[in-house]
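Right, one structure below, let's go through it.
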Amino acid sequence: MNIILEKKKLSEQVYMMKFSAPLIAEKHKAGQFLIIQLNKDTGERIPLTIADSDKENGTITIIFQTVGKTTMELAELNPNDYIENVIGPLGEPTHISKNGTVVCVGGGIGVAPLHPIIQAFKTAGNKVISIIGARNKDLLILEDEISKWSDEVIICTDDGSAGIKALVTEPLKQLCEQGGIDEAVAIGPPIMMKFCAETTRPFKVKTTVSLNTIMVDGTGMCGGCRVTVGGETKFVCVDGPEFDGHLVDFDNMMLRHKSYTEQEKTAKDKHVCNLDKKIKEIQS
């Protein structure tokens, strides 16, 4: 039983949840993720990144945004409730080594999976510069936790309500121009990761991105998470989730994701239309 131990609302649609999962906590490494299912008979399987783990206490911390049916249902759970099925840790862990200076860039909810990666790079003896961004100050998360493990933190907001008024690519470019950056990691919306990779490309800075695509089984069987990397087909759930950002075909990935989104919207609109029709029939 994966008992929920703690729950906290971080912003309007973002929640932190800590639950018991001793076997996963024991094996978890930075960069890996989970697949959860709230109901084994009717629930969908969704991938969620791991924001933190505690081997000693056997707990896993996730941070998620309520964007669909399952995440909304998850947000309704409280301490002492439980998550029926949790599978993990899945995916290849981040390759951590002592390289020198690493810039870690997180956008929005992408700051959550970046947290254990920052910890791992710092523990390995690197200098870590973290750039975290959001649309406004109310949507920033994990500022204190990121600061604890970083040598320097640069905060960006679209409206300038916290830190500097800039996209995360602006300070990233400045750091690359100054030189001395040995590696970069970017996690966030696909468009953000694409432009982070394009920002570092001219400077030949190794750039790793973590992809969050549509997934079903998490074992490479369904093919829903396939992406093109360096001209080859890869599966995010087993080959990733991390890839060389300079080789990822982001345009193709975003096109596939848009296709799924449009199908979901069409199905939802059809359901609402049918429901409205039934209500009118009853009323008449």
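Derivation of every value follows stated rules applied to the coordinates shown; laboratory data play no part. In this text the structure is predicted, and so the values were computed from the model without any measurement. FYI the Cβ positions are ideal-geometry reconstructions off the backbone, even for glycines, and counts take in every protein chain you see.
Using a Debye calculation, one point per C-alpha and no hydration shell, please list log10 I(q)/I(0) for the chain at q = 0.07, 0.08, 0.09, 0.11 Å⁻¹ in order. Results for the chain at q = 0.07, 0.08, 0.09, 0.11 Å⁻¹ read -0.27, -0.35, -0.44, -0.65. Residue by residue, segment 59-64 carries 3J(HN,Hα) couplings of 10, 10, 10, 10, 10, 9 Hz when phi is fed to the Karplus relation 6.51 cos²θ - 1.76 cosθ + 1.60 (θ = phi - 60°); x denotes Gly or Pro.
Per 0.36 nm of contour for each residue apart, how much would the distance between GLU26 and MET254 grow if the chain were fully extended, relative to their Cα-Cα spacing? Don't jump to the answer; show the numbers that get you there.
Numbers: separation 228, 0.36 × 228 = 82.08 nm, distance 3.41 nm.
Computed gain between GLU26 and MET254 is 78.7 nm.
Under 5 Å between amide hydrogens, built in the peptide plane, is the criterion, and for GLU92 it picks out GLY240, GLU242 among residues at least 5 positions away or on other chains.
3J(HN,Hα) couplings calculated from phi for segment 70-83 with the Karplus curve 6.51 cos²θ - 1.76 cosθ + 1.60 (θ = phi - 60°) are, in sequence order, 5, 5, 5, 5, 4, 5, 7, 6, 9, x, 5, 7, 9, 9 Hz; Gly and Pro show x.
Here the Kirkwood formula, the inverse mean of 1/r across different C-alpha pairs, assigns segment 2-90 a hydrodynamic radius of 12.9 Å.
Using C-alpha pairs under 8 Å with a sequence gap of at least 6, the mean separation divided by the residue count of segment 1-56 gives a relative contact order of 26 percent.
Computed from backbone phi with θ = phi - 60° and the Karplus coefficients 6.51, -1.76 and 1.60, the 3J(HN,Hα) list for segment 182-189 is 8, 7, 9, 10, 10, 9, x, x Hz; x is used for glycine and proline.
Entry note, segment 62-205: relative contact order of 23 percent, from Cα contacts under 8 Å with a spacing of 6+ residues. Here the simple spin-label model places points 7 Å from the Cα toward Cβ, and for THR233 and LYS206 these points are separated by 2.9 nm.
Summarising the amide proton neighbourhood of VAL105: residues at separation of 5 or more, or on other chains, whose placed amide H is nearer than 5 Å comprise ILE131, VAL185, ALA186, ILE187. Pairs with C-alpha atoms separated by more than 21 Å, drawn from the list LYS55/LYS148; LYS137/LYS258; LYS98/LYS204, are LYS137/LYS258. Pairs of Cα atoms nearer than 8 Å and 6+ residues apart set the relative contact order; for the chain it is 15 percent. Can you give the longest stretch of the chain with no exposed loop site, where a site means trypsin sites (Lys or Arg not before Pro) in a DSSP loop (not H, G, I, E or B) with at most 13 other C-beta atoms within 10 Å? In short, 205-284.
Near SER161, the amide H atoms lying under 5 Å from its own belong to LYS137; only residues 5 or more places off or on other chains count, and H is placed 1.01 Å from N. For segment 94-210, the square roots of the Cα gyration tensor eigenvalues, ordered a ≥ b ≥ c, give a/c of at least 1.5 with a/b no greater than b/c, which places it in the oblate category. Among residues other than CYS176 whose Cβ falls under 14 Å from its Cβ, what is the net charge (Lys/Arg +1, Asp/Glu -1)? That sum, taken over residues with Cβ under 14 Å, equals -1. Gain on full extension, evaluated as 0.36 nm per residue between MET72 and LYS9 minus their Cα-Cα distance, stands at 21.4 nm.
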